[in-house]
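This report refers to the structure that appears directly beneath it.
The values are calculated or read from the model by the stated rules, or taken from the named source; none is laboratory data. Since the model is a prediction, treat every value here as computed from it, not as a measurement. No Cβ is skipped: glycine too gets one built from the backbone with ideal geometry, and neighbour counts run over all protein chains shown. Ligands, DNA and RNA are stripped out before the accessible areas are found, and what is left, the full protein with its side chains, is counted by its heavy atoms. Shrake-Rupley method; radii C 1.70, N 1.55, O 1.52, S 1.80 Å.
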Amino acid sequence: MMYKVEAIIREEKLEDVKAALHAIEVNGVTAYQVMGFGAQRGYKTVVRGQEIDVMLVPKIKLEIVVSSEEWKEKTIRAIQEVARTGEFGDGKIFAYEITDAVKIRTGESGYDALQSSDEG
C-alpha cells in the first residue's frame, strides 16, 4: 500500500523539514505556500492606524507519496521531530492511502512510479 503524507508547517521550518526528509532519503516532495488558521486564530496587526484581525496565517503545505506503511511512519516522525516548537501553530500531518500512481514519462505505475531512475 502506498501513502500520501500531507504536512502543514510553519514557514520558518521548511528548510529543517527538507533536510530531515533528505536525511532519511525521501526524495519526492511537493510544497505549496498556503494560508490558514487553527487554534491560534490568526493575529492582530495595525494597518493605516487601525488594528485589524488577520485570520489567515501563512503556512507551507508539503505533499509526499511513499511506498509503504514503514515509510509513512518514518516520514511522519522526521517531519514532527523538526517542525515541533511546542507552540500553537506548529501545524498538522495527515496520511492517506493511495490506490495508484502513474509516472507520466514512462507509464510505470504503482510502486515503480515512485522510484527514481538514472535517466531523470
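Points to keep in mind about this one:
- Solvent exposure of T99, expressed as accessible area, is near 140 Å², computed with a probe of 1.4 Å over the protein chains only.
- Over 19 Å (Cα to Cα) - which of K13/K61; K18/K72; K13/K103; K4/K74 fall in this group: K13/K103
- Extension gain, A23 back to K4 (0.36 nm per residue minus Cα-Cα distance, nm): 4.9 nm
- Whether region 52-103 is rounded, prolate or oblate, judged on the alpha carbon gyration tensor where a/c under 1.5 counts as rounded: oblate
- Approximate spin-label separation R77-Y96, in nm, with each point projected 7 Å along Cα-to-Cβ: 2.5 nm
- Accessible area (Å², per residue) of region 34-86, counting only protein heavy atoms and a probe of 1.4 Å: 65 Å²
- Within straight-line reach of K44, meaning a Cα separation under 16 Å, sit the following aspartates and glutamates at least 8 residues removed in sequence or on another chain: D53.
- Accessible surface of F37 - all protein chains present, 1.4 Å probe, nearest 10 Å²: 100 Å²
- Listed residue (V26, I9, G110) projecting farthest to the positive dipole end of the chain, Cβ model: I9
- Computed about the Cα centre, the dipole magnitude for the chain is approximately 560 debye when only Lys and Arg (+1) and Asp and Glu (-1) carry charge, each at its Cβ.
- Where only DSSP H runs of four or more residues are counted, the chain gives -7000 deg cm²/dmol as its mean residue ellipticity at 222 nm, each run worth -39500 (n - 2.57).
- Counting only alpha carbon atoms, the long axis of helix 69-83 and the longest principal axis of the chain meet at about 30°.
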